[in-house]
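Only one structure is covered here, and it is reproduced in the block below.
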């Protein structure tokens, strides 16, 4: 498994709701920080549903201080944040409602009535719909986030608890505790297209970052069912210790490279890599001095940042390459680098050469052309 760049999953079902356990959702505002029009940086916040206090605590995660307490409905349990970070949706199991909180003001802007005892909630990746598991009436309420109204009620199995949505937004997976099943909802038609038998008393569910598999905890059978989301069949059952509930899948999604731009000249080139998902430069790991002592200015980055000239058969940046890379700038959407001072002793970069560029597991190939 790759490094812990991001985490996906769900919290465990509350054990005995009368115990007053809280549920916690971290608002990471899409890219960890959001910038206001005035240019000030707003820190990420954590929204905590306090089931016995009928409110939500808002924590500034920079200072780890509660900055606001928002009164919501009775027995709040689930929390979900819209992908753009603008709203927090809170399920209130005791009042059969969902509170919609504006994260800019931390005030309730809407209270949506659902059919009965809402528990978990998940929002589609495009932010258009919220799927709410109503465990008393055995259905899922679909809320349009543009109108904050229920647009569809989907019947599922008995006592639905958790909801997880595939990364492409095409399907919602719902755990049904009593029959030991998972209902698969097509989000385009809002109909159940498959019911998958899993372990006893399934509570938690998490979908792997690539969307290929769903992991479901079997609370009474002490196992985890692994569902292949392309066939909606259980492909593996993993035994665990007694009473599994919550589950999360760690994983890193490789970035997308849209293209490379070459400037300068073959004797002194600069390479600009454009794309998305590059994250922070720290994701490349600890830079190493290139092998052999030829390069005193460039760095190697293992297998995380590699440039190779396929025509002239030389490379830079890979572990123990003699030639390293000098990163000029690094952002989530663009990397600019030059080669270390051992260049061009190991071969220059000539227009028309075939190349390959690897960034954090994603490889892009093309032909060198200077602009």
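The values are calculated or read from the model by the stated rules, or taken from the named source; none is laboratory data. Owing to the predicted nature of the structure, the values given are computational and were not obtained by experimental measurement. Using ideal geometry, Cβ is built from the backbone for each residue, glycine included, and neighbour counts are taken over all protein chains shown.
Looking at 106, 139, just one residue is under 20 Å from residue 46 (Cβ atoms), in the same structural domain as residue 51 (by TED's automatic domain parsing) and in contact with a strand residue (DSSP E or B) (Cβ under 8 Å, 6 or more places away or on another chain), and that residue is 106. Candidates in the range 139-172 are the residues that are in contact (Cβ under 8 Å) with a residue 40 or more places away in the chain and part of a loop (DSSP other than H, G, I, E, B); of these, the one that is nearest to the chain's Cα centre (by Cα) is 167. Every condition in (1) surrounded by 14 or more Cβ atoms within 10 Å (Cβ to Cβ); (2) more than 23 Å from the chain's Cα centre (by Cα) is met by residue 284 except one, and the failing one is (2).
If you check 222, 228, which single one turns out to be outside the structural domain of residue 277 (by TED's automatic domain parsing) and at pLDDT below 95?
228
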